[in-house]
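The values are calculated or read from the model by the stated rules, or taken from the named source; none is laboratory data. Note that the structure is a prediction, hence the values are computed from the model and not measured. Cβ: placed from backbone, ideal geometry, glycine included. Neighbour counts: every protein chain shown.
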Amino acid sequence: MRRKLAAGNWKMNGDAALLAELGTLAEHQNANGPQIIICPPAPLLSRAHEITKDSPVDIGGQDCHAATSGAHTGDVAASMIADTGATSVIVGHSERRGDHGETNAEIRAKAQAAWAANLTAIICIGESEAERTGPDTLDVIAAQLDASVPDGATGENTVIAYEPIWAIGTGRVPTLDQIIETHDMIRTKLTDRFGKTGNAFRILYGGSVKPTNAAEIFTAENVDGALVGGASLKAADFQPIIDALDAS
């Protein structure tokens, strides 16, 4: 059985005061429920870990560099993220692909760097609105998946997050049938490539996940959880999503 996962991406939001939300969130979790990962901005990672280290809530980074060290001003190595107590890192988020021009090859290298630092890589893939309305949507997503996920990926070191770019932060969500179709395709591609171990990968849905739509999304067989943006900033908003996942 794949353990359900609710991951929260705070993006470039939050300060020390917002960390109080982590304490509130941690108080309401139990070790037998879904796995919870919160990914705050890099400057907050160590303090976030201190708050959650004795709870079921894990901490993750939002990005890492592919290199272990060097002249990369402003970048953060995977080993530095691990040193804060974090256990995972997001790579290939559409905002990194779009704002920073990251390629599939670069994301693949970042995932390998994450593994080398004993971090789980949460690899993001997803289509633009033009690609969604075009005839080759699933082919576009499948190509991203193939090129972004390195050989050696397993259900233990890798999570796949499907995030339709046009739905992130917009309030717009694909239909349940579209979500099912895409997640089923991703599962098929993983099993075709990795054999039976392809069934061990967790596939998250991301893109305007809210308490009001989470339960319906989680009815899809190959949706193993969610990568949540704005709704993860407040425990009161994120907890209903966790509860819906736990009940699914």
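Observations on the model:
- Complete set of residues in the range 69-82 that are of a type in the set (V, I, T) and under 22 Å from the mean Cα position of the chain (by Cα): V76, I81
- Tally, over the range 119-150, of residues that are of a type in the set (G, A, S) and either exposed (fewer than 15 other Cβ atoms within 10 Å of the Cβ) or more than 16 Å from the chain's Cα centre (by Cα) (or both): 6
- Evaluation of A167 against (1) surrounded by 15 or more Cβ atoms within 10 Å (Cβ to Cβ); (2) over 21 Å from G92 (Cα atoms); (3) out of contact with any helix residue (DSSP H, G or I) (no Cβ under 8 Å at 6 or more places or on another chain); (4) not aromatic (F, W, Y) (one fails), failing number: (2)
- When the range 216-235 is filtered for residues that are in contact with a Pro (Cβ under 9 Å, 6 or more places away or on another chain) and among the aliphatic types (A, V, I, L, M), only A231 remains.
- Residue check, V228 of a type in the set (A, V, I, L, M), more than 16 Å from G92 (Cβ to Cβ), at pLDDT below 95 and touching a strand residue (DSSP E or B) at 6+ places or on another chain (Cβ under 7 Å): no
- Scanning the range 149-163 for residues that are out of contact with any Ser or Thr (no Cβ under 8 Å at 6 or more places or on another chain) and within 22 Å of K4 (Cβ to Cβ) yields A153, I160, A161.
- Restricting attention to the range 144-163 and to residues that are touching a strand residue (DSSP E or B) at 6+ places or on another chain (Cβ under 9 Å), among the aliphatic types (A, V, I, L, M) and not in a loop (DSSP other than H, G, I, E, B), the residue that is farthest from D63 (Cα to Cα) turns out to be L145.
- Meets criteria (among the β-branched types (V, I, T) and over 17 Å from V91 (Cα atoms)) for T154: no
- Residues located in the range 209-248, provided they are surrounded by fewer than 22 Cβ atoms within 10 Å (Cβ to Cβ), under 23 Å from R187 (Cβ atoms) and either of a type in the set (S, T, Y) or touching a Cys at 6+ places or on another chain (Cβ under 9 Å) (or both): T219, S248
- Residues satisfying the stated conditions in the range 170-206, i.e. surrounded by 18 or more Cβ atoms within 10 Å (Cβ to Cβ), out of contact with any strand residue (DSSP E or B) (no Cβ under 8 Å at 6 or more places or on another chain) and in a loop (DSSP other than H, G, I, E, B): V173, P174
- Matching residues in the range 216-243 - criterion: being in a helix (DSSP H, G or I) and under 24 Å from I165 (Cβ atoms): E216, I217, G230, A231, S232, D237, F238, I241
- Candidates V159, V149, V173, filtered to the one that is of a type in the set (A, V, I, L, M) and over 24 Å from G230 (Cβ atoms): V149
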